[in-house]
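All of the numbers you see were taken from the coordinates with simple rules; none came from a lab. Please read these numbers as outputs of a predicted model, since none were measured by experiment. We place every Cβ from the backbone using ideal geometry, glycine too, and count neighbours over all the protein chains shown.
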Amino acid sequence: MIRNATGIAALAALVAIGGCGHKGSSPSPAPVAEVPCTAHVASQDLSQWKAVAADSFTFCVPREWRVQDGSAAGLDATLTWGTGAPIAQKFTVLDMSNTEFHRFSEDIGGHSAVLWENRIITVYLTGARWTRPQVWIEGETRSLIAADVELTIFRTVRFPSA
């Protein structure tokens with residue numbers, strides 16, 4: 001995935017994308033019933049959110065978000081997630097006067113996570129990473145409100161009991 005934050009910031013991404021597809025006559029998968037979100041996040045009403053089952057963890061997104069194959073989209077925002085090491089990214093920012101970087105730690109889902117909300121020109125890059133278990137979830141948006149929604153999404157991550 002290449003992220004573009006206008007002509008001022010030159011961004012380069014190292015991406016490993018696998019898979020191939022073809023058009024065929026196989027039927028579309030049956031729709032999956034929505035599962036209501038049961039996570040609790042302080043000062044947030046998640047009653048209109050739905051649960052998303054990922055590999056070895058769950059989290060919640062607003063009901064109107066579209067979820068498919070390790071990504072979700074809504075509110076002019078996108079999310080990706082996975083286990084193991086996240087996709088490596090390198091950014092070169094030519095004008096640091098219009099950037100902000102925020103990094104902090106929280107206990108989420110019973111495990112310590114590092115979260116971030118970075119703004120480069122008009123693009124917000126958000127994320128959360130757990131080392132045990134090794135899980136990551138990252139977002140991108142052009143809206144501060146959507147970036148805050150992404151941080152709330154990260155706070156809904158839950159891990160199965162061992």
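Given the Cα-Cα distance of ALA54 and ASP107 and 0.36 nm per residue of separation, how much length would full extension add, in nm? If you can, show how the numbers build up before the last one.
Values: separation 53, 0.36 × 53 = 19.08 nm, distance 1.92 nm.
Extra length from ALA54 to ASP107 when fully extended: 17.2 nm.
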- Message: Less than 14 Å Cβ to Cβ from ARG66, Lys/Arg counted +1 and Asp/Glu -1: what total charge do the surrounding residues give?
- Response: -2
- Message: Suppose each label sits 7 Å from its Cα in the direction of the beta carbon; what would the GLN68-GLU100 distance come out to in nanometres?
- Response: 3.3
